[in-house]
Amino acid sequence: MAGRRLLLLVILTHNYATLAFDISNETQLRSDLLTNYSLKSRPDAVTAVNLVFNIITINELVTRTQTFSVSGYFTVVWNDTRLKWDKKQYNNIAFFFSDETEIWRPSLVVRNAIDDLDVIANDNIPLRVNDVGEIYWNPPGIYKTHCDIDITYYPFDSQECSVVVQSWGYNLRELDLFKFGSGVDTTDFERNGEWDLIGAFSEREERTHDVDSETYAAVSFVFKLQRKPDYYGVNIILPVVVLSILSALVFVLPPDSGEKMGYSLTVLLSFAVFLTLIADRMPTTSRDTSYMAVYLSVIMCLSGMSVLLTIFVLDLNFREDEVPPWLDHVTNTIIMPLVCVRGCQRKSTSTAVSDERRLRNIKVRPATRKEADSDEEPTVREPSAKVRAELTWKDIARTVDALMFRIYLIIIVAMSTILFSILGTQASTSK
């Protein structure tokens, strides 16, 4: 029953509004209001203008060029007492439409625009005027503005970009701007594939020009954006981790394999190409430095050092002279216990030969008369079980490889843990 009543009320209201419209009455209304209307004069001594930005889409936020593009329309509301009328005298006409060629409108510009720094105007946009003199103007557009980009936490960064609207020509004593309601309406907003809109608000501000010392009102519509990390996790984070691990695995390859040098150079070139691709996405500024760029630069330097270390290891592996006693001592007493490698101390063919040489060099002590009388066999001193095997250059090369592999792995794991902890913390706090 209540639903039928509501439907009947809607139908009656629609029919009443339809019957209220009459071309002759509206023509008479326009003639009475606009005949002596001065288009160049503002309505009041200080005209108050209220602004709302209705965002539709975020087109793009280009990090490298630091440009922000957004589509939407403004809702501009002000009062003109010259356009008030009594509805009863004009068959209950509550509103009519006009344009900027007939009635006054505020002169506004987007102050931080980089594409079209011009007064917001369009002859085809209707202005809705109601019977109390309130005027509603909705100029749409694609606004491309400058946005200061902070790439410290790229690609888990959040940015704040704005569209700043300022009165043009009219100073604060003549025209004042205010935000209407929350200032930003997201009812018609369509989500962006790269950025999440996590907040939107507006702020009123005043700016004094140095030339004429006049103060002008402005309203900033601020949009807080969070980069979606899914794409970057697959295309940046994962390759970075894989390349970091590959740069350490060069020290696992045996020096005799013949692929050690080519492998290290390939990893180095891969890092250089990958760093170039990321650098193309970052702004050309030295104000902020990305943790990711620092991480990649350090890993690339480590990869470059691995090439030099590989050359050094290969030089050790193919030497044929004798190992200096001091190097043998340092390797056995310091490096091997440090890397906990016993494989480097295994007895190779050369070690067995050296043990056999020791046995040959053992001198048999001549038998004494007492031993001769007792017909005992001469005593042969057995070599001590604790005799340390001599190291070869191949053993030293493998030991250096094992040491470098552990050092690289520790540095890479520590740096990766610190980097992703910082980025993860920033991503969680930005939401």
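The values are calculated or read from the model by the stated rules, or taken from the named source; none is laboratory data. Here the structure is a predicted model, which is why all the values come from computation and not from measurement. Ideal geometry is used to build each Cβ from the backbone, glycine not excepted, and the neighbour counts take in all protein chains shown. SASA here: full protein model, heavy atoms, side chains in, ligands and nucleic acids out. Shrake-Rupley method; radii C 1.70, N 1.55, O 1.52, S 1.80 Å.
Can you confirm whether ASN25 is at pLDDT 50 or above and surrounded by 10 or more Cβ atoms within 10 Å (Cβ to Cβ)? Spelling it out, ASN25 is indeed at pLDDT 50 or above and surrounded by 10 or more Cβ atoms within 10 Å (Cβ to Cβ). Being open to solvent by less than 80 Å² (accessible area, probe 1.4 Å), over 30 Å from TYR154 (Cβ atoms) and in contact (Cβ under 8 Å) with a residue 60 or more places away in the chain is a property that LEU314 has.
Among all residues of the stretch 168-176, there is none that is acidic (Asp, Glu), open to solvent by 10 Å² or more (accessible area, probe 1.4 Å), under 30 Å from ASN235 (Cβ atoms) and out of contact with any Phe, Trp or Tyr (no Cβ under 9 Å at 6 or more places or on another chain).
Contact list please: Cβ distance under 6 Å, first residue in the stretch 387-416 and under 23 Å from LEU314 (Cα atoms), second residue open to solvent by 50 Å² or more (accessible area, probe 1.4 Å) and of a type outside the set (Val, Ile, Thr), pairs at least six apart or on different chains. Taking only residues 6 or more apart or on different chains, the pairs are ALA389/LYS347; THR392/SER350; TRP393/ARG319. Of all residues in the stretch 84-102 being in a strand (DSSP E or B) and out of contact with any helix residue (DSSP H, G or I) (no Cβ under 7 Å at 6 or more places or on another chain), which is least open to solvent (accessible area, probe 1.4 Å)? Out of the qualifying residues, it is SER98. ARG105 meets each of the listed conditions (1) in a loop (DSSP other than H, G, I, E, B); (2) of a type outside the set (Ser, Thr, Tyr); (3) over 38 Å from the mean Cα position of the chain (by Cα); (4) surrounded by fewer than 16 Cβ atoms within 10 Å (Cβ to Cβ) apart from (4). Counting only residues that are in contact with a Leu (Cβ under 9 Å, 6 or more places away or on another chain), more than 30 Å from ILE412 (Cα to Cα) and not polar (S, T, N, Q), the stretch 206-246 holds 10 of them.
Scanning the stretch 186-208 for residues that are part of a strand (DSSP E or B) and within 30 Å of TYR170 (Cβ to Cβ) yields ALA200, PHE201, SER202, GLU203, ARG204, GLU205, GLU206, ARG207, THR208. Taken over the stretch 59-83, the criterion of being open to solvent by 10 Å² or more (accessible area, probe 1.4 Å) and closer than 13 Å to ASP185 by Cα is satisfied by SER71, TYR73, THR75.
Could you say whether any residue in the stretch 209-223 is in contact (Cβ under 8 Å) with a residue 12 or more places away in the chain, in a helix (DSSP H, G or I) and open to solvent by less than 30 Å² (accessible area, probe 1.4 Å)? No: zero hits. Within the stretch 61-77, restricting attention to residues that are over 16 Å from VAL49 (Cα atoms) and not in a loop (DSSP other than H, G, I, E, B), the residue that is modelled with the lowest pLDDT is VAL62. Of all the listed residues (ILE151, ILE56), the sole one being under 20 Å from LYS224 (Cα atoms), open to solvent by 20 Å² or more (accessible area, probe 1.4 Å) and of a type in the set (Val, Ile, Thr) is ILE56.
Counting only residues that are buried (at least 16 other Cβ atoms within 10 Å of the Cβ) and of a type outside the set (Gly, Ala, Ser), how many does the stretch 229-244 have? Within the stretch 229-244, residues that are buried (at least 16 other Cβ atoms within 10 Å of the Cβ) and of a type outside the set (Gly, Ala, Ser) number 6.
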